[in-house]
1. Working only within the range 36-88, note down all residues that are closer than 25 Å to ASP4 by Cβ and of a type in the set (Lys, Arg).
2. Within the range 45-72, which residues are at pLDDT below 95 and basic (Lys, Arg)?
3. Run GLU109 past the list (1) open to solvent by 60 Å² or more (accessible area, probe 1.4 Å); (2) within 23 Å of GLU41 (Cα to Cα); (3) not basic (Lys, Arg) and report the number of the one that doesn't hold.
4. All but one of (1) among the basic types (Lys, Arg); (2) touching a Gly at 6+ places or on another chain (Cβ under 9 Å); (3) within 23 Å of ARG31 (Cα to Cα) hold for ARG44; which doesn't?
5. Give the range 1-25 a look and list any residue that's within 16 Å of SER123 (Cβ to Cβ), part of a loop (DSSP other than H, G, I, E, B) and either touching a Lys or Arg at 6+ places or on another chain (Cβ under 9 Å) or open to solvent by less than 60 Å² (accessible area, probe 1.4 Å) (or both), or say none.
6. Here's a check for you: in the range 26-69, which residue that is part of a helix (DSSP H, G or I) and in contact with a Lys or Arg (Cβ under 8 Å, 6 or more places away or on another chain) is least open to solvent (accessible area, probe 1.4 Å)?
7. Given ILE54, ILE117, which one is closer than 17 Å to PHE16 by Cα and within 14 Å of the chain's Cα centre (by Cα)?
8. Which one is least open to solvent (accessible area, probe 1.4 Å) among residues in the range 73-98 that are of a type in the set (A, V, I, L, M, F, W, C) and touching a Ser or Thr at 6+ places or on another chain (Cβ under 9 Å)?
Amino acid sequence: MKKDTVILIVDDNLNFIDRMIGLLQETDSPRQIYSANNYDEARRFLADILPDIILLDINLPGKNGIEILKLIRSENTFSTVLMLTNHADAYYRQQCMELGADYFLDKSEDFGLVPDIVTSVASNINVD
């Protein structure tokens with residue numbers, strides 16, 4: 001039996017979170033979706049759950065998504081991290097990939113790729 005894929009969305013834009021949840025609900029893999037709007041909320045979720053997949057924005061109030069990525073990778077190599085940002089220039093891409101992001105996507109251009117990536121990652125997680 002497949003286990004639910006646990007997804008954490010970390011973004012301060014509630015409209016974006018709602019759109020992303022809608023897109024993810026159209027996929028056929030079982031999932032639990034959580035969302036956090038800032039570093040402190042994300043840190044609390046990371047302490048309480050072990051997300052299989054984390055969708056992470058760079059621009060957040062307080063500490064940014066790069067700081068969250070560092071925290072994730074210092075404590076967890078298991079989660080697949082998708083950086084999904086409007087700051088999609090080469091500097092941020094290189095920095096995030098060097099820090100352990102699995103994917104780096106431009107929010108405005110690559111948004112539609114997320115469901116397929118999540119489905120692919122989830123199918124690999126759920127292989128017995």
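The values are calculated or read from the model by the stated rules, or taken from the named source; none is laboratory data. Since the structure is predicted, the reported quantities are computational estimates derived from the model, not experimental observations. Here Cβ is always computed from backbone atoms with ideal geometry, including for glycine, and neighbour counts include all displayed protein chains. When the accessible area is computed, the model is the full protein with side chains, heavy atoms only, and any ligands, DNA or RNA have been set aside. Shrake-Rupley method; radii C 1.70, N 1.55, O 1.52, S 1.80 Å.
1. Hits for the range 36-88 are ARG43, ARG44, ARG73.
2. Listed by number, the list holds a single entry, LYS63.
3. (2)
4. For ARG44, the exception is condition (2).
5. Hit for the range 1-25 is ASP4, nothing else.
6. My answer is ILE68.
7. ILE54
8. Here the answer is CYS96.
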